[in-house]
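Everything on this sheet refers to the single structure shown next.
Read-outs: derived from the displayed coordinates by stated rules, not from any lab. Everything numeric here is computed off the predicted structure, so don't read it as measured data. Cβ atoms come from the backbone with ideal geometry, glycine included; neighbour counts cover every protein chain shown.
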Amino acid sequence: MAEFLFSPPAPVWSVSQLNRLARERLESAFPLCWVAGEVSNLSTAASGHVYFSLKDDSAQARCVMFRNRAQLLGWRLSNGQRIEARVLVTLYEARGDFQLNVDSARQAGIGNLFDQFARLKEKLEREGLFANELKRPLPAFPRRLGVVTSLQAAALRDVLSTLGRRAPYLEVVIYPTLVQGEEAPAQIAAALKTASRRNECDALVLCRGGGSLEDLWAFNDEAVARAVRACRIPVVTGIGHETDFTIADFAADRRAAPPTAAAELVAPERDALCARLSGLRQALAGRWARRLEACGQRLDLLASRLLHPGQRLDQQRLRLDALWRRLAAALRQAAAREQARLAQIGERLRRAHPDIQARRARLEKLGDRMRGAWIKDHNRRTAALSRLAAGLSHLDPRGVLARGYTIVRDAEGRIVRDAATLEPNQAVTVSFHAGRADAVITSVWP
């Protein structure tokens, strides 16, 4: 009893701590797994998140599929659907609710079908069976349409109702076949081959109402796809709803869903054709009216130009007289222009003719002026030269020598300016005004 009283107390956790720990334990204990069940209590929030419950006969679990995952689903969840969901087991901490975060989902039992669909689509696509170059245009104004479907199908009634409303003038040929079950693919391919062999229609509508992937599986058969592509007649598919895609849709020349859309695609609406025809009729009538009006105006013009030969001769005579007068006036004007031009040229020639006597007198006058200027310049240059020569003569060494001076040079030819540079018995050269003499220094007096 004492030991119990002094044992350490257990830790007290808050609710948020407990929920966080429970969430971590759940997520680590249960990796991503697949869970099958029926959808119930489905609701889509404004944020795009989808909330629902997955249930079976004895239990249910809350589920949430966030918006980014729901957008990739490719089909719409609805209450009562049986699905297989890839989920993360977790706990919503804020409310302590056990829930499954759905990563992806598929309709129950069709996982293998999806794989078969993807493999077959990839195979046929590699072969070029879905190439856009192989797609044939639909006839603009078909006269006979073929419908490949079941006689008991609601899609047939929808197609016939649409054709009767839009184009009651069209003939319809029905090629009955099963559209669901194990024997459906072979019958659909046989019906397409029959329509191609008979070649009695302008276009074919291959149609079936909506359903699950298993219900539409007959149109995902390779033989059906090859029969669609090999058919000599353009094929339009109207299978299921807008979100339902089958292999036959990819192989067909055009796809339209649901079947009523396929009927609208191949059958131009009579009212629209009538309206277009009425417009063309009005346009043609307007063009003919304008053409007739233009022809009438041209006829009136030609009628006004249609004259009696005598009147035409008179008109031509008057026109000839007028042309003759115009020609005479033009000749007179041309002659007057040429005379004025000749007089102008004569005046220019007269002005350009040189006066020989005046030119000679002017030339002689210019010659006299040039000779006087030359003599004057010659005398001026002669006087200047005389002054320069007189100034130069004062600097001439020979003038100094003429007054009795001499120039003494040593053996190297240098002029001796100082007696101290000389030595006794040194040979020197003495230059006079006239001639020179070699001498020897006997003595030096500085």
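Of note:
- Prolate/oblate/rounded label for region 400-440 (Cα gyration tensor, a/c 1.5): prolate
- Scalar couplings 3J(HN,Hα) for region 256-269, obtained by applying the Karplus form with A = 6.51, B = -1.76, C = 1.60 to θ = phi - 60°, are 9, 9, x, x, 4, 5, 5, 5, 5, 5, 8, 10, x, 6 Hz; x denotes Gly and Pro.
- Most fluctuating residue given options CYS201, CYS231, CYS295, as computed from a GNM of the chain linking Cα atoms under 10 Å: CYS295
- Cα shape, region 116-272, gyration tensor, a/c 1.5 rule: prolate
- Positive-end residue, region 400-440 charge dipole about Cα centroid, Cβ charges, pick of ALA420, VAL408, HIS433: HIS433
- Rg(Cα) / (2.2 N^0.38 Å) computed for region 236-289, rounded to two decimals: 1.75
- For the chain: rounded, prolate or oblate by the Cα gyration tensor [a/c cutoff 1.5]: oblate
- For region 375-446, trypsin sites (Lys or Arg not before Pro) are listed when DSSP marks them as loop and at most 12 other Cβ atoms sit within 10 Å of their Cβ; the list is ARG403, ARG414, ARG417.
- Order of GLU200, GLU133 under a 10 Å beta carbon neighbour criterion, fewest first: GLU133, GLU200
- Computed P(r) (all Cα pairs; region 373-435; 10 Å bins; percent): 18, 30, 22, 14, 10, 5, 1
- The lysines within cross-link reach of LYS365, meaning a Cα-to-Cα straight distance under 19 Å and a gap of 8 or more places when in the same chain, are LYS376.
- Whole-Hz Karplus values for region 232-249 come out as 6, 10, x, 10, 10, 9, x, 10, x, 9, 4, 8, 8, 10, 10, 4, 4, 4 Hz, taken residue by residue from phi with 6.51 cos²θ - 1.76 cosθ + 1.60 and θ = phi - 60°; glycine and proline positions read x.
- Summed residue charge, Cβ within 9 Å of LEU216's Cβ, Lys/Arg positive, Asp/Glu negative: -2
- √(5λ) per eigenvalue of the Cα gyration tensor, region 91-160, largest first, Å: 43, 22, 14
- Crossing angle, helix 356-394 versus the chain [Cα axis fit, 0-90 degrees, rounded to tens]: 70 degrees
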